[in-house]
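The values are calculated or read from the model by the stated rules, or taken from the named source; none is laboratory data. Keep in mind that this is a model prediction, so the values were computed, not measured. Here the Cβ positions follow ideal geometry from the backbone for every residue, glycine too, while neighbour counts run over all protein chains shown.
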Amino acid sequence: MAVHFSPTFCNLRRWIGSGLLAVSLVGGIASTGFAQESEPSPESEVRRIDQVSSSEFSVPYADQLVAESTTAIANQNYSEAIAKLDEARELYNQLSLFYQELAQMFFGIDTRQNRSNRDKAIEAAQKRDEATYQLGLIHRSQNAPEKAIPLFMEVLRSQQPTRDLGEQAYQQLFEMGFVEAPYQFN
């Protein structure tokens with residue numbers, strides 16, 4: 001049995017077919033135009049905060065503060081050096097805590113994200129401990145053991161005496177007479 005379609009049905013089929021083709025063509029042109037317009041211009045490029053030293057909430061900015069403190073120490077401007085190191089320590093600490101939280105959020109979900117954020121947390125914590133140690137040295141040089149000892153203890157808590165910086169912090173405590181027994185990790 002042959003099926004015969006009416007001329008109206010055939011015209012409808014042709015119209016729907018050409019309409020879908022037109023929609024497809026318009027959609028393709030629109031999406032191509034949109035893609036060209038959405039490419040970022042150099043002015044609107046997104047910049048990563050961890051690569052911009054002008055951002056006041058980044059590791060490069062904290063590094064800049066440490067560098068400024070080194071210059072202040074060289075110029076014997078210890079109050080400025082203390083202020084810069086304090087600010088750097090606080091910033092490194094905040095960054096380390098945030099990266100650590102992010103790492104924990106991705107634990108068991110995305111190993112790459114977990115590891116990346118954990119590495120950033122460790123890097124920021126290491127830099128925090130180095131700034132803390134430098135701050136302790138300044139206070140020690142100014143004969144302020146009440147300020148230096150807590151800083152060296154902070155470094156020891158974080159680094160443990162088995163790591164270089166922890167061992168150096170313990171050595172400072174020993175030289176200051178806070179602890180009696182010398183310690184050297186083999």
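Are any of the residues in region 119-133 outside any helix (DSSP H, G or I) and either under 27 Å from Ala67 (Cα atoms) or of a type in the set (A, V, I, L, M) (or both)? Within region 119-133, not a single residue is outside any helix (DSSP H, G or I) and either under 27 Å from Ala67 (Cα atoms) or of a type in the set (A, V, I, L, M) (or both). Looking across region 59-89, the residues that are of a type in the set (D, E, K, R) and within 12 Å of Leu135 (Cα to Cα) come down to Glu80, Lys84, Asp86, Glu87, Arg89.
Filter region 136-186 for residues that are among the polar types (S, T, N, Q) and modelled with pLDDT of 95 or more and give the result. Ser141, Gln142, Asn143, Ser158, Gln159, Gln168, Gln171, Gln172 - these are the residues of region 136-186 that are among the polar types (S, T, N, Q) and modelled with pLDDT of 95 or more. Within the set of pairs 6 or more residues apart or between chains, which connect a residue that is of a type in the set (D, E, K, R) inside region 150-171 to a residue that is surrounded by 17 or more Cβ atoms within 10 Å (Cβ to Cβ) and modelled with pLDDT of 95 or more with Cβ atoms less than 6 Å apart? That search, which allows pairs on different chains as well, returns Glu154/Thr132.
Listed by first and then second residue, the pairs with beta-carbon distance under 9 Å, at least 6 apart or on different chains, first residue in region 101-112 and surrounded by 10 or more Cβ atoms within 10 Å (Cβ to Cβ), second of a type in the set (Ser, Thr, Tyr), are Leu102/Ser116; Ala103/Ser116; Phe106/Ser116.
Out of Tyr133, Tyr99, Tyr78, one residue alone is among the aromatic types (Phe, Trp, Tyr), within 25 Å of the chain's Cα centre (by Cα), modelled with pLDDT of 95 or more and under 26 Å from Phe178 (Cβ atoms). It is Tyr133. Could you tell me whether Glu146 is under 28 Å from Glu80 (Cβ atoms) and either of a type outside the set (A, V, I, L, M, F, W, C) or part of a helix (DSSP H, G or I) (or both)? Yes, satisfied.
Residue-level analysis places Gln94 among those that are under 28 Å from Tyr170 (Cβ atoms), at pLDDT 95 or above and out of contact with any helix residue (DSSP H, G or I) (no Cβ under 8 Å at 6 or more places or on another chain).
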